[in-house]
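Single-structure report; data block below.
The values are calculated or read from the model by the stated rules, or taken from the named source; none is laboratory data. This structure is a prediction, so every number in the text was calculated from the model and none was measured. Reconstructed Cβ throughout: ideal geometry from the backbone, glycine too, with neighbour counts over all protein chains shown. What goes into the accessible areas is simple: the full protein's heavy atoms, side chains included, and nothing from ligands, DNA or RNA. Shrake-Rupley method; radii C 1.70, N 1.55, O 1.52, S 1.80 Å.
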Amino acid sequence: MTDLINDQLTAADARRLLDLWDTQQAAYVAHRENRFQAMIDTVRLHLGDGPITVLDLACGPGAISDRVLTALPQARCIAVDYDPILLQIATGALATHGDRATVLDVDLVADGWTGRLGVDHVDAVLSSTALHWLSPAQLLAVYTAAAGLLRPGGILLNADHLRFGPDAPTRQAIAQRHDEQTQQAGFAAGALRYDAWHAEAARTPELAALAPERARRFADRPQQALAPLEFHLAALRTAGFAEVGTVWQYLDDYVVFARR
């Protein structure tokens, strides 16, 4: 399922780490399952329940693909990421879906990355809490590449925090207080913080062996300034999408929509 060459993580370890990841992420993202459901509903209502191919961009440990493959039994997912540790977890966690899931080591910043997918077209492109790692120029390039992959009528959905700017100080403050309360409740209930989750993953020898490669890959990729909703919508229009907007919002957390 993946082209990483490494001792394989057991499916049980992968599933445990994916479950811990979901709990950790839910401490940072309120109503995370609701936004996943909005994405799946949008895909199903627009594309139907028949066979479709979904590209999961920056898939992490496989959270979106796992939900899509469970909810849509005729769907196929191509899950791509550049983090070798997360790729190993995704490979093990998605193994229960058999050949409906393909996990690939793909750098979205590299030229020609779409050529590594093994397909000419997909029906939907999904991503969650990931593309904020890209610079504005890189994000536009990824959106443009995604538009080229999508069949006519295909859709892109990107779920992420898109922070309110200085022109919305009241909403910005409300959203910040809500984030703080969500995190306090999640961590008090036992959720791991982001760094603690990675420390837990590193306790597994197969993943610990990948830590130097992960550090090498991301050594020159600093965290980017967050692009606002307006930039995402403008970038999607520039990329060639015919209809752009949002299909879900909770304070400053959105699911951005674009139709090819």
Study note, to complete from the structure: Filter the range 184-197 for residues that are open to solvent by less than 30 Å² (accessible area, probe 1.4 Å) and in a helix (DSSP H, G or I); the one that is nearest to residue 57 (Cα to Cα) is 197
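For every residue, the table says whether it meets (1) in a loop (DSSP other than H, G, I, E, B); (2) without any contact (Cβ under 8 Å) to a residue 40 or more places away in the chain; (3) at positive phi; (4) in contact with a helix residue (DSSP H, G or I) (Cβ under 8 Å, 6 or more places away or on another chain).
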{"position": "203", "(1), (2), (3), (4)": "yes, yes, no, no"}
{"position": "207", "(1), (2), (3), (4)": "no, no, no, yes"}
{"position": "214", "(1), (2), (3), (4)": "no, no, no, yes"}
{"position": "225", "(1), (2), (3), (4)": "yes, yes, no, no"}
{"position": "230", "(1), (2), (3), (4)": "no, yes, no, no"}
{"position": "235", "(1), (2), (3), (4)": "no, no, no, yes"}
{"position": "241", "(1), (2), (3), (4)": "yes, no, no, yes"}
{"position": "244", "(1), (2), (3), (4)": "no, yes, no, yes"}
{"position": "257", "(1), (2), (3), (4)": "no, no, no, yes"}
Revision key, fill the gap. Per the filter on the range 54-100, residues surrounded by fewer than 19 Cβ atoms within 10 Å (Cβ to Cβ) and of a type in the set (S, T, N, Q) are 70, 74, 96
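Can you tell me which residues in the range 162-183 are assigned to a helix (DSSP H, G or I), in contact (Cβ under 8 Å) with a residue 24 or more places away in the chain and open to solvent by less than 70 Å² (accessible area, probe 1.4 Å)?
The answer is 175, 178, 179, 182, 183.
Among the listed residues 23, 91, 42, identify the single one that is over 23 Å from residue 211 (Cα atoms), touching a residue at least 60 places away in the same chain (Cβ under 8 Å) and either assigned to a helix (DSSP H, G or I) or touching a strand residue (DSSP E or B) at 6+ places or on another chain (Cβ under 7 Å) (or both). Spell out how you get there, then give the answer.
Values: 23 fails: over 23 Å from residue 211 (Cα atoms); 91 fails: over 23 Å from residue 211 (Cα atoms).
Result: 42 is the single residue among 23, 91, 42 that is over 23 Å from residue 211 (Cα atoms), touching a residue at least 60 places away in the same chain (Cβ under 8 Å) and either assigned to a helix (DSSP H, G or I) or touching a strand residue (DSSP E or B) at 6+ places or on another chain (Cβ under 7 Å) (or both).
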Practice item. Would you be able to say whether some residue in the range 103-110 is out of contact with any strand residue (DSSP E or B) (no Cβ under 6 Å at 6 or more places or on another chain), in contact (Cβ under 8 Å) with a residue 60 or more places away in the chain, of a type in the set (A, V, I, L, M, F, W, C) and surrounded by 17 or more Cβ atoms within 10 Å (Cβ to Cβ)? Key: no
Practice item. Read through the list (1) under 16 Å from residue 29 (Cβ atoms); (2) loosely packed, with under 14 Cβ neighbours inside 10 Å; (3) touching a strand residue (DSSP E or B) at 6+ places or on another chain (Cβ under 8 Å), then give the number of the only condition that residue 153 fails. Key: (1)
